[in-house]
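One structure is given below, encoded as structure tokens.
The values are calculated or read from the model by the stated rules, or taken from the named source; none is laboratory data. Since this is a predicted model, take the numbers as computed values, not measurements. In this analysis, Cβ positions are derived from the backbone assuming ideal geometry, glycine residues included, and neighbour counts consider all displayed protein chains.
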Amino acid sequence: MNIYLTESEYDAISFAWSQIKTEIEACSDDSFVIEAGEAIRQLSSIQDKYRKAKRKSEIFYAVRAKFKESFPEASSSTLGKLARKAIKMSKEKKK
């Protein structure tokens, strides 16, 4: 499943995370603390996935821009294919 978040949605998650954390610190109910702790873990997971996807997108567009400089006449789909292939080859080299 793919989830697409805008930066404002990401900021809203960050705000909710901080609010839950504040409530945990002020709460004496153990069951709430356990449930809120799980909610924080889930929100953190969403944030991690967002940061990873954003970084992946930034790398893709940077590589694509480099190919566009070298091959300005190439179509958009060709540039995308070249960028994906270059990123894949780079990852394989690192292994």
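Just a few scattered comments:
- When residues of the stretch 19-28 are limited to those that are surrounded by 10 or more Cβ atoms within 10 Å (Cβ to Cβ) and of a type outside the set (Val, Ile, Thr), the one farthest from Tyr4 (Cα to Cα): Cys27
- Top-ranked residue in the stretch 3-18 [being without any contact (Cβ under 8 Å) to a residue 24 or more places away in the chain and outside any helix (DSSP H, G or I); ranked as surrounded by the fewest Cβ atoms within 10 Å (Cβ to Cβ)]: Tyr4
- Qualifying position, being more than 21 Å from the chain's Cα centre (by Cα) and at pLDDT 90 or above, among Ser31, Ser76: Ser76
- The stretch 29-65 - residue that is of a type outside the set (Gly, Ala, Ser) and farther than 30 Å from Lys91 by Cα and, of those, surrounded by the most Cβ atoms within 10 Å (Cβ to Cβ): Ile40
- Residues of the stretch 24-69 classified as β-branched (Val, Ile, Thr) and farther than 30 Å from Lys81 by Cα, total: 4
- Number of the condition not met by Pro72 [criteria: (1) of a type outside the set (Lys, Arg); (2) more than 21 Å from Asn2 (Cβ to Cβ); (3) in a helix (DSSP H, G or I)]: (3)
- One residue from Ile24, Ile59, Ile34, Ile40 being in contact with a Lys or Arg (Cβ under 7 Å, 6 or more places away or on another chain) and in a helix (DSSP H, G or I): Ile40
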